[in-house]
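Down below is the structure, laid out as C-alpha cells.
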Amino acid sequence: MLVMIRFTIVLSMLLVFGAKTADAIPSFQVEILPWEQVKGIIPNHSYFTIIDVDTGLSFNVQRRAGSKHADVQPVTEKDTKIMKTIYGGKWSWDRRAILVMVHDQLISASMNGMPHGAGALQNNFPGHFCVHFYGSTTHKTPTPDLAHKVMILKAGGELDRFLYHIDPNELINVLEIAINQHDERLLSQIMSGNNRSLKKTLASVNHMEITKRSIIPVEDLPSLVAMKLQFRVKWTRSDHSQDEGNVEFYLHRDSLENQWRIDGRTLIDEIH
C-alpha cells in the first residue's frame, strides 16, 4: 500500500539527505508494510531514522531487540534530546505517528515515548522504547494495540479511510485514544460542530477510561443516522483528581453513507 506523503515530510527528507545525489533520495512515498516483512528490513542492531509526522523532527535509532515489535534506542545524546523535544520535554506512553526511513524506503509506524527496560547505548536514554508497525503487537497482548494502529494509519495517510468505515462502537474506542493520546487533530476528525474548545478540553483531562458501555448490535446500524449511547466513565483530570460517573454521547451522520461523528457540544459538556 503506497501513499504520497505531505509536503512537510518531503521537506524534512530533503533536509535529512542534504548534499546527497538525487539518485540517493527516496521516492517520497510511504509504505504501510506488515511487521512480518518489516522485521527483515530492520534486523536487530540495524540503524534507521525516525521522522515525527506532526513536527517533522527526525532522529536516529538502533533496533536492539523485540520479536512482536521493534525495541529501539536513540543512537546518541543528541538523538535523545530531539526525541524528548518531540514529546514536549517529558517522557510519555503516548503513541505518535512516525515514518521510518531505512535505505530507500519510508515505512509508516507508531512509537511511544517512555524509556523502559534495558539500554545498551551511551545516549542518556534510560532503556529502550517501542516502535510498532502494521500488525505488530505488544509483548502482553495477542492482537494489535488500537492506538498504535491508528497512528500507523495516520502516518500512512489512511486514517480518513479507516474513520469513514468504523461503526459507533469502534468510534468510541477511537475517542478514548484521542483523549488519552492528547491528539487534538484526531479528536477533531471524529467530532462535529465548533472545535475551538478542543485544546482546552484535552488540557483538562489526563486520562479517560470507559468502565461500562452500552453496545449497539451491528445488525441495527445500517438503518440508523443518529443515536445516544450511555457509558460509565472514569476521568483523571489534569490536576490528578479522579471522578467516575455516567455520561451520554450523541452520535450522528449526515446520511447512511457518511462517517459517524460525535457531537462536539455534548462531548465537551460531559468532559467539563
Task: Residue count for the stretch 64-97, restricted to those that are part of a helix (DSSP H, G or I) and of a type in the set (Asp, Glu) - done: 2
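One residue is enough: does the stretch 100-111 have a residue meeting the conditions over 16 Å from the mean Cα position of the chain (by Cα), of a type in the set (S, T, N, Q) and assigned to a loop (DSSP other than H, G, I, E, B)?
Just the residues of the stretch 100-111 that are over 16 Å from the mean Cα position of the chain (by Cα), to begin with: 101-106.
Keeping just the survivors that are of a type in the set (S, T, N, Q) gives 105.
Add one more test, that the residue is assigned to a loop (DSSP other than H, G, I, E, B), and what stays is none.
Looking through the stretch 100-111, none of the residues is over 16 Å from the mean Cα position of the chain (by Cα), of a type in the set (S, T, N, Q) and assigned to a loop (DSSP other than H, G, I, E, B).
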TODO: Return the only residue of Phe59, Phe129, Phe162, Phe125 being without any contact (Cβ under 8 Å) to a residue 60 or more places away in the chain, part of a loop (DSSP other than H, G, I, E, B) and of a type outside the set (S, T, N, Q).
DONE: Phe125
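Here's the yes/no breakdown for (1) among the β-branched types (Val, Ile, Thr); (2) closer than 30 Å to Lys212 by Cβ:
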{"position": "Tyr87", "(1), (2)": "no, no"}
{"position": "Trp93", "(1), (2)": "no, yes"}
{"position": "Asn112", "(1), (2)": "no, yes"}
{"position": "Leu121", "(1), (2)": "no, no"}
{"position": "Phe129", "(1), (2)": "no, no"}
{"position": "Leu153", "(1), (2)": "no, yes"}
{"position": "Ile166", "(1), (2)": "yes, yes"}
{"position": "Ile172", "(1), (2)": "yes, yes"}
Task: Residues that are among the polar types (S, T, N, Q), over 20 Å from His148 (Cα atoms) and in contact with a Ser or Thr (Cβ under 9 Å, 6 or more places away or on another chain), drawn from the stretch 159-208 - done: Asn195, Ser204
Open item on the list: For the stretch 103-123, check the following and say yes or no: at least one residue is of a type in the set (A, V, I, L, M, F, W, C), in the same structural domain as Ala70 (by TED's automatic domain parsing), within 16 Å of Asp71 (Cβ to Cβ) and surrounded by 23 or more Cβ atoms within 10 Å (Cβ to Cβ).
Closed with: yes
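Filter the stretch 215-234 for residues that are in contact with a strand residue (DSSP E or B) (Cβ under 8 Å, 6 or more places away or on another chain) and in a loop (DSSP other than H, G, I, E, B); which is surrounded by the most Cβ atoms within 10 Å (Cβ to Cβ)?
Kept after step one, since they are in contact with a strand residue (DSSP E or B) (Cβ under 8 Å, 6 or more places away or on another chain), are these residues of the stretch 215-234: 216, 225-234.
Subsequent filtering for residues that are in a loop (DSSP other than H, G, I, E, B) retains 216, 225.
Values: Ile216: 14, Val225: 12.
Selected residue: Ile216.
On the basis of being part of a helix (DSSP H, G or I), in the same structural domain as Glu248 (by TED's automatic domain parsing) and not hydrophobic (A, V, I, L, M, F, W, C), does Lys212 make the cut?
Working: part of a helix (DSSP H, G or I): no; in the same structural domain as Glu248 (by TED's automatic domain parsing): yes; not hydrophobic (A, V, I, L, M, F, W, C): yes.
In short, no.
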Task: Cβ-Cβ under 8 Å pairs, at least 6 apart or on other chains, the stretch 168-181 side assigned to a helix (DSSP H, G or I), far side acidic (Asp, Glu) and buried (at least 21 other Cβ atoms within 10 Å of the Cβ) - done: Ile177/Asp183
TODO: Out of Val205, Val225, Val233, Val174, report the one residue that is in the same structural domain as Arg261 (by TED's automatic domain parsing), at pLDDT 90 or above and in contact with a His (Cβ under 9 Å, 6 or more places away or on another chain).
DONE: Val225
Task: Filter pass, Glu77 being within 17 Å of Ile107 (Cβ to Cβ), of a type in the set (Asp, Glu) and out of contact with any strand residue (DSSP E or B) (no Cβ under 8 Å at 6 or more places or on another chain) - done: no
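The values are calculated or read from the model by the stated rules, or taken from the named source; none is laboratory data. These numbers come from a predicted model, not from an experiment. Using ideal geometry, Cβ is built from the backbone for each residue, glycine included, and neighbour counts are taken over all protein chains shown.
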